[in-house]
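Below is one structure, written out as structure tokens; comments come after it.
The values are calculated or read from the model by the stated rules, or taken from the named source; none is laboratory data. Predicted, not measured: the structure shown is a model, and the values here were computed from it. Cβ coordinates were reconstructed from backbone atoms using ideal geometry, including for glycine residues, and neighbour counts include every protein chain displayed. These area figures cover heavy atoms from the full protein model, side chains too; ligands, DNA and RNA do not enter into them. Shrake-Rupley method; radii C 1.70, N 1.55, O 1.52, S 1.80 Å.
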Amino acid sequence: MLNLTGLGLGYALLGRWGRAAGCWVATAVLLFVALPADPDGVPARVLAVYLFLLVLAAADGARIAVRSPLGGSWRPVVAAGLGVVLLAVPAGGAVAYGAARDEAREQVLLDRLAGGDRRVAAASRQPFGAAKGEYEKALGVYRALGEDHPDSRAAKLVPDRLKAYYDAVSTPYAGKRHCEAVAPLTYLRSLPGSVDRELLGGLASWPDEPLAESLYACGVSRIGQVGGGSSEFGELLRTFPESAPARQVGPELGGRIDTQVAEVEDGDPCAATEVLRGLRSTVADLPAASVPALGAKADRGIRNGTYACGVDQFKKKSFGEARTTLAGFARSYKGDERAAQARKTAIAAEIAAARPAAGKRLPPSGSPGGPRMELVISNDAPNGVEVLYTGPVTGAVTLKPCADCKRYSVSAGPRLACRASGRSYPKARLQLPAGDYHFLYKHGTGASSRVDSYAAGSKVRPGYTYTSCTYVVERSPLGLDLPTLPDLVKPASLTPPRAGASQ
């Protein structure tokens with residue numbers, strides 16, 4: 001029993017000092033391997049060898065003791081009692097070593113916890129997109145401690161670390177950077193799917209309210225930009241339909257639409273219409289039940305704004321833009337009572353782009369009373385021609401190509417155009433009230449794309465009939481300007497019954 005203590009005391013009692021020294025060496029080797037205490041304990045092979053040596057020493061001691069007299073005052077009973085008492089040494093050592101090993105394990109777990117803390121601290125100084133990987137690694141540390149070592153001191157610190165973790169990830173929200181906060185808050189909201197809810201506690205549901213608030217605030221800040229906040233509003237309405245921020249989406253967009261509708265009437269209609277288009281696009285991407293009637297309200301605003309914008313462009317002499325805007329209005333809103341007036345104003349704007357005098361005032365919406373004078377327009381050109389006119393009335397007519405007609409020289413055009421006997425020229429007959437008119441002759445595209453359009457003005461007086469002839473002359477090979485005719489439309493009763501137009 002004295003040899004089982006590992007101190008070789010049985011051999012010492014018998015005076016076998018060599019064998020006692022062997023026990024001391026074996027115990028010293030064990031202590032060298034075991035200390036300081038390691039979380040994994042003593043290697044199993046070392047421990048097995050040592051225990052084998054102890055049993056061997058005890059058996060050897062018993063064999064020798066049976067054959068050797070015990071000298072001095074020792075008695076077998078005393079020796080046996082002392083052996084039992086001294087067995088407490090290895091037992092106590094094992095208990096102490098176990099405690100040391102447990103503490104070593106705690107220190108390792110605490111070191112892991114500290115490592116997770118360092119990752120969180122480093123990640124908090126970076127944008128979430130770049131730091132997400134570090135955050136996930138830190139969360140892995142906290143989760144492993146809480147789930148795999150729930151009774152450790154480190155695990156008991158995990159709830160506080162998770163609170164700090166959530167605070168770090170949601171830093172943009174705390175700083176009211178709502179668009180930047182959407183991604184990290186969405187990430188936090190997903191964590192209950194991978195982390196035990198019991199470990200998260202109240203943090204499991206915490207991101208809902210901040211995320212709803214951030215989606216709303218970010219959507220509002222993006223109204224008027226590309227996308228118009230539709231992505232954020234849509235996510236809010238689908239994910240948190242009953243939240244307070246979700247209930248504010250409709251009134252917010254409705255108020256914005258009302259503001260732009262008022263701007264169409266009293267401010268800059270073109271800019272307001274563009275904003276309304278953006279708002280309409282945003283509304284179209286949202287669940288209809290969440291924003292009832294807003295689409296129709298925005299559509300009405302866009303319709304009124306488009307017409308008002310075209311008129312405003314005309315008044316500001318931006319004739320090309322006015323023509324595009326009002327022609328588009330007439331095509332898009334054929335049933336609108338203003339479509340006819342939009343077409344008239346688009347025609348006047350196109351003429352005014354070549355002849356600014358045609359844009360001094362908007363075309364009248366109605367037709368004047370009184371007598372009408374006839375204007376007959378003949379086409380002596382091998383290509384079709386569209387004639388636009390504006391004045392007391394506004395309109396357009398198209399003449400077909402003259403199949404047998406050819407181009408003229410500059411000098412021959414005024415003498416020969418529309419004079420060939422027996423030839424039937426394509427004609428258009430207009431009934432015009434008296435007044436000042438502006439004309440634009442357009443020769444189309446394709447083979448005639450290099451033919452210049454020609455704009456001119458004429459006065460129609462009561463009591464006359466008028467003729468006009470359109471024809472094409474060849475360009476000078478030297479690039480010289482062609483002569484400008486003094487008048488496009490001539491009264492038939494004052495001159496020969498036609499007048500030439502160089503096109």
- request: Filter the stretch 174-183 down to residues that are closer than 15 Å to residue 209 by Cβ, out of contact with any Ser or Thr (no Cβ under 6 Å at 6 or more places or on another chain) and either of a type in the set (A, V, I, L, M) or part of a helix (DSSP H, G or I) (or both), then give me how many there are.
  value: 1
message: Need the failing condition index for residue 244 against (1) within 30 Å of residue 187 (Cβ to Cβ); (2) touching an Asp or Glu at 6+ places or on another chain (Cβ under 8 Å); (3) of a type in the set (Gly, Ala, Ser), just the number.
response: (2)
task: Return yes when residue 300 is in contact with a Leu (Cβ under 9 Å, 6 or more places away or on another chain) and either more than 21 Å from residue 263 (Cβ to Cβ) or among the charged types (D, E, K, R) (or both) and no when it is not.
output: no
query: So which strands (runs of 3 or more DSSP E) are wholly in the stretch 394-443 and hold at least 1 residues that are touching a residue at least 40 places away in the same chain (Cβ under 8 Å) and open to solvent by 70 Å² or more (accessible area, probe 1.4 Å)?
result: 427-433, 435-442
- request: Identify the residue in the stretch 205-220 that is open to solvent by 10 Å² or more (accessible area, probe 1.4 Å) and not hydrophobic (A, V, I, L, M, F, W, C) and, among all such residues, is farthest from residue 186 (Cα to Cα).
  value: 216
message: Condition first: free of Cβ contacts under 8 Å to residues at least 12 places away in the same chain and either crowded, with 23+ Cβ neighbours inside 10 Å or charged (D, E, K, R) (or both). Now tell me which residues in the stretch 246-257 satisfy that.
response: 247
message: Let me spell it out: the conditions are (1) open to solvent by 10 Å² or more (accessible area, probe 1.4 Å); (2) assigned to a helix (DSSP H, G or I); (3) β-branched (Val, Ile, Thr), and residue 376 meets all of them except one. Which number is the exception?
response: (2)
- request: Just give me the residues in the stretch 82-128 being out of contact with any Pro (no Cβ under 7 Å at 6 or more places or on another chain), modelled with pLDDT of 90 or more and open to solvent by less than 70 Å² (accessible area, probe 1.4 Å), in sequence order.
  value: 113, 114, 115, 116, 117, 120, 121, 122, 123, 124
- prompt: For residue 341, which of the numbered conditions (1) under 36 Å from the mean Cα position of the chain (by Cα); (2) surrounded by 19 or more Cβ atoms within 10 Å (Cβ to Cβ) fails to hold?
  reply: (1)
task: Among the helices (runs of 4 or more DSSP H) lying completely within the stretch 209-285, list those that include at least 2 residues that are under 19 Å from residue 329 (Cβ atoms).
output: 244-266, 269-284
message: Cβ-Cβ distance below 8 Å, separation of 6 or more or different chains: which pairs start in the stretch 263-291 with a residue that is at pLDDT 90 or above and polar (S, T, N, Q) and end on one that is open to solvent by less than 50 Å² (accessible area, probe 1.4 Å) and not in a helix (DSSP H, G or I)?
response: 281/228; 282/223; 282/227; 282/228; 282/229
task: Give the residue that is surrounded by the most Cβ atoms within 10 Å (Cβ to Cβ), with candidates limited to residues of the stretch 356-369 that are within 46 Å of the chain's Cα centre (by Cα) and in a loop (DSSP other than H, G, I, E, B).
output: 363
- prompt: Which residues, counting only those in the stretch 286-302, are outside any helix (DSSP H, G or I) and either in contact with a Cys (Cβ under 7 Å, 6 or more places away or on another chain) or open to solvent by 60 Å² or more (accessible area, probe 1.4 Å) (or both)?
  reply: 292, 293
